[in-house]
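Visitor: Below you'll find the structure I mean.
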Amino acid sequence: MNIKDRTVDAAESPHWNAGPFKVRLPFVHYRIEWPDYFQGLLMCAVDLAAIPLMVELLGMPFEVALAVVILNGALYLAHHLLGDPVVPGWITPAIPLLMAYCSTFPEGPERVHALIAFQMMLGVFAIGIGMTGMAHRVVAAIPQAIKSGVIIGAGIAAVISVFQVGGRFDNFPFTISIAVGVAFYVVFSQHFARLKARGGLLAVIGNLGIFPIIVLAIVVAPIMGEGPWPNIEWGFSSPDFATLFREYTLFGLGLPPLSMFLTAIPTVLAAYIVVFGDVLQARAILVEADEKRPDEKIVYDPDRAHLIFGGRNAVMSVLGPDVAMCGPMWAAMHVVIVERFTQGRKAMRSLFGGAGSFRWGTNTGLLLMPIVTLVQPILGVALALTLLIQGYVSVRVGVLQARSQRDLGIAGVVAAVLATRGAAWAFAVGVVLCALIYGRDFFRGEDDRTFSSSARDA
């Protein structure tokens, strides 16, 4: 799917054609954009926030979880190298759903098998969608009320995972309160947006995403007595790949039983609804960029994106199953990189240079012990911050997916069931409610104009 090119002379940036992919290599097809590289060097802190998830769910030692993060980081590079003009990331809204699903299995090999089966199914499903070009048809087959409920439920589950008794908030109450308050002001406040538009230091802070908030948490946590000061170590990080392959992958545990692949299907479908929303959002952001930079033709192909992030999930299910999963876009940083791209060729010669340089930077940061040890004490705060921001966005987007008051009522029930009982129950409840309320209009539903079309498209 080509984003409309508004000029006659504009062309794609240099590349090598390779079937559905367009290969671009650093120094050959694009230059390193140093502002984005150094930003990535610092923002690897967010990638490291996946470590507490794996420690909590799978009982992984820190060094083993670090090995998973490094493997996932290397696969992030596949997007820009193969022609996908995005900054990839996690499937953040689906993390609480996956953790709740896997927690129904006993900790140990059985729970690891459940994660492997889920991620392999998700990867194969996405690859199949990409190969057949059926992405829009698959999502269109799900009633709008159920889609709305799944997205809202994912957001609610994210918030619950932070504030439940004994959760992350209880461990860092003051640090999370301060960090989240500042983050919501910086990211979502109209007042800060006006201040940022004036330029200067506030514009720099705004363009760094949540990194300044993580730096704030590093200082606040020890001051509040909720964590130690960082113990900076020098040298290179030491991921434990041997233990990872031996105790947490197919190589040491073998294939999961068939029953686990079958029971994972509802959670896979719920995660895919979230993923497809990211695909649509990525394309919308690039459409806006194309209007401001007609000198470079940007080609965003959802099917190619499916092949790449589907392949990443399939590979990780074998080499290092990942609770954060492999998503098509890191929304916050994708917006930051695209925004700099729209400022002209002097700011960024090619979007692929910016996206690629950022991910080369994050991969470098993961290998440097000073950066890893700097953020290690507050990884739980970084994760809580990510989950709460994603929860806010998911609820807002999910509500706007509803097309009527009845849709919203069904969505509310589906969301509550999803957050408390899991994806299988949520889909079952959603199907029954849509059948009872809409009957023959099960798939079509209704549009009572409660939400304007412009609001739904936002």
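The values are calculated or read from the model by the stated rules, or taken from the named source; none is laboratory data. On a predicted model such as this, the values are computed, not experimentally measured, just so you know. Positions of Cβ are generated from backbone atoms using ideal geometry, with glycine treated the same way; all protein chains shown enter the neighbour counts. For the accessible areas, the whole protein counts, side chains as well, though only heavy atoms, and no ligand, DNA or RNA atoms are used. Shrake-Rupley method; radii C 1.70, N 1.55, O 1.52, S 1.80 Å.
Visitor: Can you tally the net charge around Gly167? Count Lys and Arg as +1, Asp and Glu as -1, for every other residue whose Cβ sits under 15 Å from the Cβ of Gly167. Display every interim value, and only then the final one.
Guide: Details: positive: Arg168; negative: Glu56, Asp170, Glu226.
Within the 15 Å Cβ shell, the charges total -2.
Visitor: Using the alpha-carbon centroid of each, what span in Å lies between the stretch 382-417 and the stretch 85-136?
Guide: 20 Å
Visitor: Also, I was wondering about something else. Which aspartates and glutamates, on any chain, are close to Lys297 with Cα under 15 Å apart, when same-chain ones fewer than 8 places away are left out?
Guide: Asp5, Asp9, Glu12, Asp84, Glu288
Visitor: Taking the Cα centroid of the stretch 170-211 and of the stretch 434-449, what is the distance between the two, rounded to the nearest whole Å?
Guide: When both Cα centres are located, 41 Å separates them.
Visitor: Give me the percent of the accessible area of the chain that comes from carbon and sulfur atoms, probe 1.4 Å, all protein chains in place.
Guide: Numbers: 12270 of 18890 Å².
Here it works out to 65 percent.
Visitor: Going by the alpha-carbon gyration tensor, a ≥ b ≥ c the square roots of its eigenvalues, is the stretch 94-166 rounded (a/c under 1.5) or, if a/c is not under 1.5, prolate (a/b greater than b/c) versus oblate? It would help to have the intermediate numbers written out before the result.
Guide: On the way: a/c = 3.34, a/b = 1.29, b/c = 2.59.
Oblate is the answer for the stretch 94-166, as a/c is 1.5 or above yet b/c matches or exceeds a/b.
Visitor: Please go through the residue pairs Lys22/Lys292; Lys292/Lys346; Lys22/Lys346 and name each one whose alpha carbons sit more than 20 Å apart in this structure. Walk me through the intermediate numbers first.
Guide: Working: Lys22/Lys292 23 Å; Lys292/Lys346 14 Å; Lys22/Lys346 24 Å.
Violating the 20 Å limit, Cα to Cα: Lys22/Lys292; Lys22/Lys346.
Visitor: As an exercise, identify the chymotrypsin sites (Phe, Trp or Tyr not before Pro) in the stretch 166-248 lying in DSSP coil whose Cβ has no more than 14 other Cβ atoms within 10 Å. Don't skip to the answer; put the middle values down first.
Guide: Numbers: sites: Phe169, Phe174, Phe184, Tyr185, Phe188, Phe192, Trp234, Phe236, Phe241, Phe245, Tyr248; in loops: Trp234, Tyr248.
Sites meeting the loop and neighbour criteria: Trp234.
Visitor: Under unit Cβ charges (Lys, Arg +1; Asp, Glu -1), what dipole magnitude, rounded to 20 debye, does the chain have relative to its Cα centre?
Guide: On the way: 32 positive and 32 negative charges, 198 e Å.
In debye, rounded to 20, the chain gives about 940.
Visitor: Which trypsin sites (Lys or Arg not before Pro) does the stretch 388-458 hold that lie in a coil by DSSP with at most 10 other beta carbons within 10 Å? Write down the numbers at each step before the final one.
Guide: On the way: sites: Arg396, Arg403, Arg406, Arg421, Arg440, Arg444, Arg449, Arg456; in loops: Arg403, Arg444, Arg449.
Answer by residue number: Arg449.
Visitor: Shifting gears a bit: What number, in percent, do you get for the relative contact order of the chain if the mean sequence gap of Cα pairs under 8 Å and at least 6 apart is divided by its residue count?
Guide: Numbers: 773 pairs, mean separation 170.4, N = 458.
Relative CO of the chain lands at 37 percent.
Visitor: For the pair Phe163/Phe27, report the inter-label distance in nm, with labels modelled 7 Å from Cα in the Cβ direction.
Guide: For the pair Phe163/Phe27, the computed spacing is 5.1 nm.
Visitor: Note down the Stokes-Einstein diffusion coefficient of the stretch 102-242 in µm²/s, whole number, using a Kirkwood radius over alpha carbon pairs, 25 °C, and 0.890 mPa s.
Guide: In µm²/s, the coefficient rounds to 123.
Visitor: Helix-derived [θ] at 222 nm for the chain: sum -39500 (n - 2.57) over DSSP H runs of at least 4, divide by residue count, nearest 500? Intermediate values should be presented prior to the final figure.
Guide: On the way: 24 runs with 307 residues, N = 458.
Here the helix-only value at 222 nm equals -21000 deg cm²/dmol.
Visitor: If a/c stays under 1.5 just call it rounded; otherwise compare a/b with b/c (prolate if a/b is bigger, oblate if not). Do that for the stretch 3-150, with a ≥ b ≥ c from the square roots of the Cα gyration tensor eigenvalues.
Guide: On the way: a/c = 2.26, a/b = 1.35, b/c = 1.68.
Since a/c reaches 1.5 but b/c is at least a/b, the shape of the stretch 3-150 is classed as oblate.
Visitor: According to a simple spin-label model (label point 7 Å from Cα along Cα-to-Cβ), what is the distance in nm between Asp441 and Ser103?
Guide: 3.8 nm
Visitor: For P(r) over Cα pairs in 20 Å bins from 0, in percent, the listed values are (i) 25, 60, 15, 0; (ii) 22, 57, 20, 1; (iii) 27, 56, 17, 1; which was obtained by calculation from the structure presented?
Guide: The listed entry that was calculated here is (i).
Visitor: While we're looking at this one, here's another question. Suppose the chain between Tyr185 and Asp295 were pulled fully straight at 0.36 nm per residue; how much longer would it get relative to their current alpha carbon spacing? If you can, show how the numbers build up before the last one.
Guide: Numbers: separation 110, 0.36 × 110 = 39.60 nm, distance 3.46 nm.
Contour length minus the Cα-Cα distance gives 36.1 nm.
Visitor: Going through the stretch 9-102, which chymotrypsin sites (Phe, Trp or Tyr not before Pro) have at most 11 other Cβ atoms within 10 Å and a DSSP loop state? Don't skip to the answer; put the middle values down first.
Guide: Values: sites: Trp16, Phe21, Phe27, Tyr30, Tyr37, Phe38, Phe62, Tyr76, Trp90, Tyr101; in loops: Phe27, Trp90.
Here the sparse-neighbourhood loop sites are Phe27.
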